[in-house]
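Structure first, then comments.
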């Protein structure tokens, strides 16, 4: 009698190459992170009830969706992209909601963050990984 063993766990790098779904979930987590950051700012030190409740809800949603995305995306890449989406998005949204200054210098550094996020996504592309591997001798 032969026993067949199935390996139910896969490494993040192995599953990130097969589907866009984890990246979409990561994008959603980033949007929730924007909501969390903006709500935290609006809560004024958690003294405004509606903003505080909103911050709590967005916090739970962002952590939950980030956790789902990191099942299939390398933690370092996923976390950096999530933080980049959250920080740049919160800056832009806060400029409109709270009339915070969006100076040319801030816009420049936001562009650097966004370029870094795009670069990280491209660097984790399976096609790029295949082309960067050395050819067997």
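The values are calculated or read from the model by the stated rules, or taken from the named source; none is laboratory data. Please read these numbers as outputs of a predicted model, since none were measured by experiment. Counting neighbours? That spans all protein chains shown, and the Cβs are built from the backbone with ideal geometry, glycine included.
Residue under question is residue 68, and the condition is that it be surrounded by fewer than 17 Cβ atoms within 10 Å (Cβ to Cβ) and in contact with a helix residue (DSSP H, G or I) (Cβ under 6 Å, 6 or more places away or on another chain); does it hold?
Considered against the rule, which asks whether it is surrounded by fewer than 17 Cβ atoms within 10 Å (Cβ to Cβ) and in contact with a helix residue (DSSP H, G or I) (Cβ under 6 Å, 6 or more places away or on another chain), residue 68 comes out as yes.
Evaluate the following for residue 55: is it out of contact with any strand residue (DSSP E or B) (no Cβ under 9 Å at 6 or more places or on another chain), crowded, with 20+ Cβ neighbours inside 10 Å and free of Cβ contacts under 8 Å to residues at least 24 places away in the same chain?
yes
So in region 71-100, with the set limited to residues that are on the phi < 0 side of the Ramachandran plot, surrounded by fewer than 18 Cβ atoms within 10 Å (Cβ to Cβ) and in a loop (DSSP other than H, G, I, E, B), which one is modelled with the highest pLDDT?
Going through the qualifying residues, I end up with 71.
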